[in-house]
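The values are calculated or read from the model by the stated rules, or taken from the named source; none is laboratory data. Computed from a predicted structure; not experimentally measured. Please note: Cβ atoms are built from the backbone with ideal geometry, for glycine as well, and neighbour counts cover all protein chains shown.
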Amino acid sequence: MNEPTFCDKIDNQLIYTKYKPISLNIYNCHNIDMTVLGHVHALKLSYCYSIRDVSSLAHVHILVLNGCGGIHDVSSLGHVHTLNLFSCGGISDVSSLGNVHTLKLYDCPWVTDVSSLGNVHTLDLMYCDDITDVSSLGNVHTLNLTHCSGITDVSSMCNVHTLNLSHCSGIHDVSMLGNCKNLIMKSIYTFWRFRTPFEMLKGVIKLFLKFRIKVYIIIWNSIIHWYNVIFP
């Protein structure tokens, strides 16, 4: 995506109707006409606090709305392919986003119900502290639950391909994931909280751990054991 454009450089008629850009990156804009942005293929709007209505962006393919705290209703964005709602603090209802391919809800603290997101391919829920139930996310391909301190049960995650449980302080037992044959599990710094011996996770194809300054990549099969692969 191109370098950010500031509002004093924007001419709606010139940029949006004449040049019809494929991608557009706009930063800290408060007087933009949203209705002329619907044709942009990849659109990034950062810290545009005055944006309220995003219904005209329903057909944008890649949409990034970083820090747009005035947005509350994202029901029209259910067919966006890649949707990044980083730090959009006004959003709580994501029930319409189940068909989004890649969805990032990083630091959306009012999101609590993710039961409709089971068909999302790549889902980032980092710092969504009030989420407690992820039982419906068992078929998500790549799932980031970093710093989701409200989650205590990940027993339904066996079909997930890549699972990040870093800093999930509420999770203590991951033994139920031990027979997940296709799972790559990541845990940075806090794996010591888990009351699960490493040997009980031998079904996991890769386990990435980090303690202090060393990264441990644990691979179980008939030849390589977990203690054989250590990177400084």
- Leu45 versus (1) under 26 Å from Asn31 (Cβ atoms); (2) aliphatic (A, V, I, L, M); (3) touching a strand residue (DSSP E or B) at 6+ places or on another chain (Cβ under 7 Å); (4) in a loop (DSSP other than H, G, I, E, B): which is the lone unmet condition? (4)
- Ser55 meets each of (1) within 23 Å of Tyr27 (Cα to Cα); (2) free of Cβ contacts under 8 Å to residues at least 24 places away in the same chain; (3) surrounded by 16 or more Cβ atoms within 10 Å (Cβ to Cβ); (4) of a type outside the set (Lys, Arg) with one exception, condition (3)
- Is there a residue in the range 148-155 that is over 22 Å from Ser175 (Cβ atoms) and hydroxyl-bearing (Ser, Thr, Tyr)? no
- Assuming Val111 fulfils every condition listed in (1) surrounded by 16 or more Cβ atoms within 10 Å (Cβ to Cβ); (2) over 25 Å from Gly69 (Cα atoms); (3) within 16 Å of the chain's Cα centre (by Cα) apart from one, which condition is it? (2)
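This table checks each residue for (1) assigned by TED's automatic domain parsing to the domain that holds Thr142; (2) of a type in the set (Gly, Ala, Ser); (3) modelled with pLDDT of 95 or more.
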site	(1), (2), (3)
Asn2	no, no, no
Thr5	no, no, no
Ile10	no, no, no
Asp33	no, no, no
Leu37	no, no, no
Ala58	no, yes, yes
Gly98	no, yes, yes
Leu103	no, no, yes
